[in-house]
1. Please work out which one of (1) within 17 Å of Phe171 (Cβ to Cβ); (2) at pLDDT 95 or above; (3) among the small types (Gly, Ala, Ser) is the condition Ala196 fails and give its number.
2. Within region 202-222, can one find any residue that is in a helix (DSSP H, G or I), touching a residue at least 40 places away in the same chain (Cβ under 8 Å) and small (Gly, Ala, Ser)?
3. Looking at region 213-222, which of its residues are closer than 26 Å to Phe302 by Cα and more than 30 Å from the chain's Cα centre (by Cα)?
4. Restricting attention to region 150-168, and to residues there that are in contact with a helix residue (DSSP H, G or I) (Cβ under 9 Å, 6 or more places away or on another chain) and assigned to a helix (DSSP H, G or I), which single residue is surrounded by the fewest Cβ atoms within 10 Å (Cβ to Cβ)?
5. Of Arg15, Arg104, Arg68, which residue is modelled with pLDDT under 95 and closer than 21 Å to Phe237 by Cα?
Amino acid sequence: MNALVRSLAAMSGLRDREALDAALVRLVISSGEGMVHSACLIRVVGEGDDRRCLVLARVDAASAPLSRDLLWTDWTILPHVHDFPLRQQAVESGHAVHAATSPRTTVVPLVTPQGIWGLLEIGTDQALSAQALELVDGILLTYNNLRGLLDYGEKDALTELLNRKSFDGAFFRATAEQHDDSLPEGGDRRHLHSEAGVWLAVLDIDHFKHVNDTFGHLIGDEVLLLLARLMRSCFRFHDQLYRFGGEEFVVLMRCDSVDHAEAALERLRERVQAYAFPQVGTITVSIGFSILLPHDTPSDAFGRADKAVYHAKEHGRNQVCSYQALVASGDLKDQVAEGMDVDLF
């Protein structure tokens, strides 16, 4: 019990989601007193019959290396929830389910007020006792509370998108996975496309000051909230969406080509333009984007995309501009060549 308390105390000090996920599966195995031989934390992504399983952390023995799917895993390769009957039952029932035959598998849903977001799959040689299940429930309660605290610190209070504070860590993880062949312990690269890249896009609402001045800040806040919802509907589960403050938003996304990146951003621009915002009517956005380069810094990448946004606003607004395309056409000078230092933070 003392070891369990120490492990929970150590877990409570973690401020990184991947480290927290890894600590959970290791703690489940170590607390099983030899009965638990595997633990797998799964994020359920998608909806309905297209719900899929993204492995956040898996360990097959107490001393085995950790494995996981990368955040940028190809969606089409992820297995469906319905391919695993126990997982499907746990998602549908909202309760823990158990395999009746050996080796035993127990699947516990991870539930928030918004619904089931994940599953914990535990492999044992024998059925878990009621006492063991109660212990697992307590560990999961602690884990969910810690995730909630991370959400509170990393998400924008109004839109519930990620905030500026959480951007740096995600940026460096994205650049590491894009340009470094090495991965964390047991990392799995089987779903990466070598031709894929990570793009940073900056989005700015056109004439947002006019909205606030004309309709008031409450309506302005509603516009921000609705825009965040449109962004969620346009992008994939692993695309990272940020509100940097005011009317400025940022997207980190992995795409197979610049054409795919531009198409995703153009789709958002069109959807925003077509949406009827209550009282305000039509709102448009200007978007600039740039691919992340080796050894990039957050401020350098942001600076390139921001220059593309500025160009969009200076040339009619309501458009998507690629920094690299603007440099190639001579409309912008290359920031790297200029030695420009953008102070983002």
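1. Exception for Ala196: condition (2).
2. Looking through region 202-222, none of the residues is in a helix (DSSP H, G or I), touching a residue at least 40 places away in the same chain (Cβ under 8 Å) and small (Gly, Ala, Ser).
3. Within region 213-222, no residue meets the criteria.
4. Gly153
5. Arg68
For (1) surrounded by 18 or more Cβ atoms within 10 Å (Cβ to Cβ); (2) under 25 Å from Gly153 (Cα atoms); (3) more than 19 Å from the chain's Cα centre (by Cα), each residue gets a yes or a no:
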{"position": "Glu248", "(1), (2), (3)": "no, yes, no"}
{"position": "Asp256", "(1), (2), (3)": "no, no, no"}
{"position": "Glu266", "(1), (2), (3)": "no, no, yes"}
{"position": "Val327", "(1), (2), (3)": "yes, no, yes"}
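The values are calculated or read from the model by the stated rules, or taken from the named source; none is laboratory data. Just so you know, these numbers come straight off a predicted model, no measurement behind them. Virtual Cβ from ideal backbone geometry, glycine too; neighbours counted across all protein chains shown.
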